[in-house]
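**Student:** I'd like to ask some things about the structure below.
Please treat every number below as a calculation from the coordinates, not as lab data. All of these numbers come straight from a predicted model, not from anything done at the bench. Neighbour counts are summed over all protein chains in view; Cβ atoms, including those assigned to glycine, are modelled from backbone coordinates with ideal geometry.
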Amino acid sequence: MKNSALIAVMAFTLTACSQGVEQMSDRTASPCGDKPNCVSTIDNREKHSIAPYTLKADTTIDDIESIALTLAGAKTAEKEGNYLRIECTSKIMRFVDDLELKIEGNNLVVRSESRTGYSDFGVNRKRANELRSKLKDANLLAL
C-alpha cells in the first residue's frame with residue numbers, strides 16, 4: 001500500500017512539473033516577485049538583478065532566438081515582433097522555466113523565471129549568464 005501511494009504521489013508531482021506551452025502575457029517590464037527563482041535586467045534588487053545586455057546595431061529577434069535555442073531544454077513558445085519567450089525544460093524533473101527576451105532599441109530585456117517552486121538554486125541566473133556568453137561569442141553584444 002505504501003508503494004502504491006508513493007508511486008501515485010510521484011506521478012502527480014512529475015505530471016504537474018511537466019507543463020507544456022502556455023499562453024502568457026509579456027512580463028519583461030515586470031520585476032520579479034519575492035521568491036528567489038527569477039532574474040531580470042529591469043529588476044534592481046540584488047538577488048534578482050542581472051546586468052544589461054546592449055546589442056550591436058541591426059541585431060534581430062531571429063538572431064537572438066537562434067542563440068537562445070542552443071540553451072539546454074530550450075524551445076520557442078511564443079514569438080511576436082521584438083518579443084520572444086523560450087521555455088527551458090529540465091532533463092530529469094521536467095521543470096519549466098520561462099526565458100523572456102525583448103529588444104528595446106539597442107537593449108535586450110532579459111527575464112528568466114521558474115514556473116514552480118520557491119528556489120531555483122541559481123538555475124535562472126546561470127542561464128542568463130550562459131545566454132550572455134553565447135551572444136558575446138556570436139558577436140551580437142556591444143562591448
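**Student:** Note the per residue figure in Å³ for the convex hull of the C-alpha positions in segment 20-89.
**Tutor:** Dividing the Cα hull volume of segment 20-89 by its residues yields 116 Å³.
**Student:** Report Rg(Cα)/(2.2 N^0.38 Å) for segment 33-131, keeping two decimals.
**Tutor:** 1.02
**Student:** Once phi is turned into ³J(HN,Hα) by the Karplus curve 6.51 cos²θ - 1.76 cosθ + 1.60 with θ = phi - 60°, what whole-Hz value does each residue of segment 64-76 show in order, with x for glycine and proline?
**Tutor:** Once θ is set to phi - 60°, the couplings for segment 64-76 become 5, 4, 4, 6, 4, 6, 8, 6, 4, x, 7, 8, 6 Hz.
**Student:** Continuing with the same structure: Using θ = phi - 60° and the Karplus curve 6.51 cos²θ - 1.76 cosθ + 1.60, what whole-Hz ³J(HN,Hα) does each residue of segment 39-46 get, with Gly and Pro shown as x?
**Tutor:** Computed from phi, the couplings for segment 39-46 are 9, 7, 6, 9, 8, 9, 6, 3 Hz.
**Student:** What percent does the relative contact order of segment 21-77 come to when contacts are Cα pairs within less than 8 Å and at least six residues apart?
**Tutor:** Once divided by the residue count of segment 21-77, the mean separation gives 21 percent.
**Student:** Set Lys and Arg Cβ to +1 and Asp and Glu Cβ to -1, take the dipole of segment 23-80 about its Cα centre, and tell me which of L69, V39, T54 lies farthest positive.
**Tutor:** V39
**Student:** Count neighbours as other Cβ atoms within 10 Å of each site's Cβ, and list the trypsin sites (Lys or Arg not before Pro) in segment 88-134 that are DSSP loop with at most 12 such neighbours.
**Tutor:** Here the sparse-neighbourhood loop sites are K91.
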